[in-house]
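Please read the structure below before turning to the comments.
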Amino acid sequence: MSPVFPMLTALSMFYYMCLRRRARTATRGEMNSRRAIESNTRALPINVEIVQYAKEVLDFSSHYGSENSMSYTMWNLAGIPNVYPSSGDFTQTAVFRTYGTWWDRCPSARLPFTRTPSTFCSQDYVELAFEEPVYPTAVHILETYHPGAVVRILACSANPYSQNPPAEVRWEILWSEAPTKVNGPQARQFTPCIKQINFPTNLIRLEVNSSLLDYYTELDAVVLHGVKERPVLSLKTSMIDMNDIDEDEDEEKFACGMDTLNKQFSIVTLREWPTNGYFDKLPYELIQLILSHLTVPDLCRLAQTCKLLYQHCCDPLQYIHLSLQPYWARINDTSLEYLQSRCTLIQWLNLSWTGNRGAISVSGFSRFLKVCGSELVRLELSCGHFLNETCLEVITEMCPNLQELNLSSCDKIPPQAFNHIAKVGSLKRLILYRTKVEQTALLSILNFCSELQHLSLGSCVMIEDYDLIASMMGAKCKKLRSLDLWRCKNITESGIAELASGCQLLEELDLGWCPTLQSSTGCFTNLARKLPNLQKLFLTANRSVCDTDIEELAANCTHLRQLDILGTRMVSPASLRKLLESCKDLSLLDVSFCSQIDNRVVLELNANFPNVFIKKSFTQ
């Protein structure tokens with residue numbers, strides 16, 4: 001046969017692959033406005049585009065605002081824009097809780113999980129429901145302040161308004177990209193080029209990473225463009241990007257890997273080889289070390305190559321630390337069942353974001369912990385909406401060595417369930433941010449968990465008397481190093497005094513948006529004098545903070561690294577200079593909306609103290 005024929009066959013296959021990629025990914029010019037869909041010069045049947053704003057915010061991982069307000073909350077993403085195209089800091093926008101890398105550089109920072117795939121960088125998310133299910137053609141995100149945080153957009157096959165939930169819930173990535181630094185904080189409409197999917201959707205999820213931002217990102221609205229009928233593109237195509245094929249292969253590789261996790265991890269018929277080549281000459285421990293750098297899907301694939309590597313990939317020592325958060329969309333009861341025999345020695349487990357919409361059942365979670373919970377030291381369950389009282393009871397019974405428990409934004413857990421946590425006397429870290437924990441349960445936890453070093457009670461709105469809670473902390477939690485009381489509504493100078501007297505090892509204290517604290521009572525001065533080890537202090541939105549408080553911090557808290565006094569009207573440039581001169585390790589100073597600190601002062605301070613990030617927010 002002439003050599004030209006194989007070449008023609010290869011070219012035909014290449015052209016087919018390009019067309020396949022073209023059919024799955026819409027370009028920015030093809031589907032970006034309300035009009036009939038066209039492909040180059042060949043018109044296809046009219047399919048009018050539907051444009052809709054989010055009808056409802058269904059779920060989110062965090063927000064800057066209060067649970068009893070609309071200011072800076074995720075709920076502002078529902079409906080038409082409130083601010084866009086204006087730029088600046090506006091309360092009518094949606095704002096996540098953190099930005100930058102400051103939260104990774106404070107005493108409460110947690111060690112990262114290894115084996116996290118490089119493609120997963122999401123830190124927060126929000127899920128939005130729209131009225132009409134459509135095949136998406138474009139997603140517009142209206143960003144009004146410090147844009148650039150969105151790193152991934154996903155679509156779900158489940159209709160949140162349907163009376164008949166589907167047997168299988170699918171999530172497809174419409175667009176993803178590594179975090180990028182955007183020059184300038186000005187508003188923009190972000191319209192990434194999205195991939196076509198083969199099902200209609202009215203549930204869109206945005207995932208964000210704010211680590212490169214200089215301040216909180218603010219989102220105003222999300223617009224979904226789509227058509228009711230699945231679009232069919234013409235075979236006439238324009239120039240094809242070779243990178244598109246690589247991206248497609250990566251997505252298929254990920255999907256294949258996770259399907260393997262759910263269906264093919266058990267031993268199958270593996271080909272027998274007389275020897276294992278050079279692997280026979282390597283020590284068992286060295287092979288284990290090499291495989292420890294693989295992600296979970298890669299381990300699943302490698303396990304199917306031969307019996308030797310299957311044995312290594314299934315060794316429980318490979319699963320001492322396991323994070324399933326990057327694969328949240330594909331983890332279910334079957335996944336946990338297949339992993340049970342491999343996780344008998346697991347010490348760190350991250351199931352954050354997993355299990356929602358019925359993917360993980362209470363019984364499936366309970367079965368897994370009964371087999372794998374005895375050695376657990378750290379358990380991350382952030383945004384686990386499948387959790388109920390039975391789950392917490394199982395955790396406390398099956399995990400006797402537990403030291404860290406993260407229930408952040410698990411807002412479906414009933415208040416009475418938190419009483420079970422008091423049985424885990426070994427706890428050193430407890431995160432209850434945005435939960436329904438009540439005062440009685442929390443008092444019991446503080447009484448029996450005297451080893452606590454890190455405690456987060458941010459936005460816990462069902463606690464009636466924070467002074468009583470602070471008094472119990474001062475009496476029982478002598479080892480406390482970090483405490484988050486963000487937006488606690490009723491703590492006073494009395495509670496602060498008890499806390500400062502009893503918890504003198506505190507290095508981090510967040511009292512942001514605590515309206516009942518007044519500088520005139522001496523509460524902040526007392527903190528500065530009693531807590532010399534403070535490295536992070538947030539007094540956000542407390543208008544009463546004054547020069548005396550800043551000077552006391554300068555005199556007593558010389559290890560201070562982060563200070564937020566956003567919104568105060570009583571602090572002068574002179575006291576800030578004293579603080580900056582005294583606290584040589586200070587790296588973050590937020591003076592946004594401080595009426596005496598104008599841009600000229602900030603420029604001067606930045607020039608004299610270049611190692612300090614001094615933030616001055618604005619509103620137009």
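The values are calculated or read from the model by the stated rules, or taken from the named source; none is laboratory data. Fair warning: this is a prediction, and the values are worked out from it, not measured in the lab. Heads up, the Cβs are rebuilt from the backbone with ideal geometry, glycines too, and the neighbour counts pull from every protein chain shown. What goes into the accessible areas is simple: the full protein's heavy atoms, side chains included, and nothing from ligands, DNA or RNA. Shrake-Rupley method; radii C 1.70, N 1.55, O 1.52, S 1.80 Å.
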Q: Taking only region 446-458 into account, find how many residues are open to solvent by 10 Å² or more (accessible area, probe 1.4 Å) and more than 20 Å from ASN490 (Cα to Cα).
A: 6
Q.
Looking at region 207-222 only, could you name the residues that are more than 14 Å from the chain's Cα centre (by Cα), more than 10 Å from PHE96 (Cβ to Cβ) and of a type outside the set (A, V, I, L, M)?
A. ASP214, TYR215, ASP220
Q. From the list ILE197, ILE204, which residue is part of a strand (DSSP E or B), at pLDDT 95 or above and buried (at least 17 other Cβ atoms within 10 Å of the Cβ)?
A. ILE204
Q | Elements of type strands (runs of 3 or more DSSP E) in region 517-620, at least 2 residues being open to solvent by less than 10 Å² (accessible area, probe 1.4 Å), in contact with a Leu (Cβ under 7 Å, 6 or more places away or on another chain) and not assigned by the TED database to the domain that holds GLN186 | A | 536-538, 562-564, 588-590
Q | Subset tally (residues that are open to solvent by less than 60 Å² (accessible area, probe 1.4 Å) and out of contact with any Lys or Arg (no Cβ under 8 Å at 6 or more places or on another chain)) for region 183-194 | A | 6
Q) Any chance region 171-183 includes a residue that's among the charged types (D, E, K, R), under 22 Å from the mean Cα position of the chain (by Cα) and at pLDDT below 95? A) yes
Q) Is it true that some residue in region 306-318 is touching a strand residue (DSSP E or B) at 6+ places or on another chain (Cβ under 9 Å) and not assigned by the TED database to the domain that holds ASP59? A) no
Q. Within the group ALA475, ALA470, which residue is of a type outside the set (Lys, Arg), surrounded by 24 or more Cβ atoms within 10 Å (Cβ to Cβ), touching a Gly at 6+ places or on another chain (Cβ under 8 Å) and part of a helix (DSSP H, G or I)?
A. ALA470
Q. Looking at region 166-175, is at least one residue open to solvent by 40 Å² or more (accessible area, probe 1.4 Å), hydrophobic (A, V, I, L, M, F, W, C) and without any contact (Cβ under 8 Å) to a residue 12 or more places away in the chain?
A. yes
Q.
On the basis of being in contact with a His (Cβ under 7 Å, 6 or more places away or on another chain), among the β-branched types (Val, Ile, Thr) and without any contact (Cβ under 8 Å) to a residue 60 or more places away in the chain, does THR390 make the cut?
A. no
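For (1) under 14 Å from PHE368 (Cα atoms); (2) open to solvent by 10 Å² or more (accessible area, probe 1.4 Å), each residue gets a yes or a no:
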site: GLN304; (1), (2): no, yes
site: LEU309; (1), (2): no, yes
site: CYS313; (1), (2): no, no
site: LEU339; (1), (2): yes, no
Q) What tally of residues in region 596-618 results from selecting those that are more than 21 Å from ASP585 (Cβ to Cβ) and among the small types (Gly, Ala, Ser)? A) 1
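Residues checked against (1) of a type in the set (Gly, Ala, Ser); (2) in contact with a strand residue (DSSP E or B) (Cβ under 7 Å, 6 or more places away or on another chain); (3) modelled with pLDDT under 95; (4) under 30 Å from CYS391 (Cα atoms):
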residue: GLN416; (1), (2), (3), (4): no, no, no, yes
residue: LYS423; (1), (2), (3), (4): no, no, no, yes
residue: TYR433; (1), (2), (3), (4): no, yes, no, yes
residue: GLU438; (1), (2), (3), (4): no, no, no, yes
residue: SER459; (1), (2), (3), (4): yes, no, no, yes
residue: GLU498; (1), (2), (3), (4): no, no, no, no
residue: SER501; (1), (2), (3), (4): yes, no, no, no
residue: THR525; (1), (2), (3), (4): no, no, no, no
residue: ARG529; (1), (2), (3), (4): no, no, no, no
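A quick yes/no check of all residues on (1) crowded, with 23+ Cβ neighbours inside 10 Å; (2) among the small types (Gly, Ala, Ser); (3) within 28 Å of THR525 (Cα to Cα):
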position: LYS412; (1), (2), (3): no, no, no
position: SER444; (1), (2), (3): no, yes, no
position: CYS460; (1), (2), (3): yes, no, yes
position: ASP465; (1), (2), (3): no, no, yes
position: LYS479; (1), (2), (3): no, no, yes
position: ILE491; (1), (2), (3): yes, no, yes
position: ALA500; (1), (2), (3): no, yes, yes
Q) Looking at region 404-421, which of its residues are polar (S, T, N, Q) and touching a residue at least 40 places away in the same chain (Cβ under 8 Å)? A) ASN406, SER408, SER409
Q) Among the residues of region 127-139, is any out of contact with any Pro (no Cβ under 9 Å at 6 or more places or on another chain) and either surrounded by fewer than 17 Cβ atoms within 10 Å (Cβ to Cβ) or on the phi > 0 side of the Ramachandran plot (or both)? A) yes
Q) Applying the selection to region 70-88, what residues are part of a loop (DSSP other than H, G, I, E, B) and under 22 Å from the mean Cα position of the chain (by Cα)? A) MET70, SER71, TYR72, THR73, ALA78
Q: Kindly indicate whether any position in region 371-387 is over 26 Å from VAL126 (Cα atoms), hydrophobic (A, V, I, L, M, F, W, C), open to solvent by 40 Å² or more (accessible area, probe 1.4 Å) and at pLDDT 95 or above.
A: yes
**Q.** Filter result (surrounded by 20 or more Cβ atoms within 10 Å (Cβ to Cβ) and part of a loop (DSSP other than H, G, I, E, B)) within region 58-69
**A.** SER61, SER62, HIS63, TYR64, GLY65
Q.
One residue is enough: does region 502-515 have a residue meeting the conditions in the same structural domain as LEU588 (by the TED database), aromatic (Phe, Trp, Tyr) and open to solvent by 30 Å² or more (accessible area, probe 1.4 Å)?
A. yes
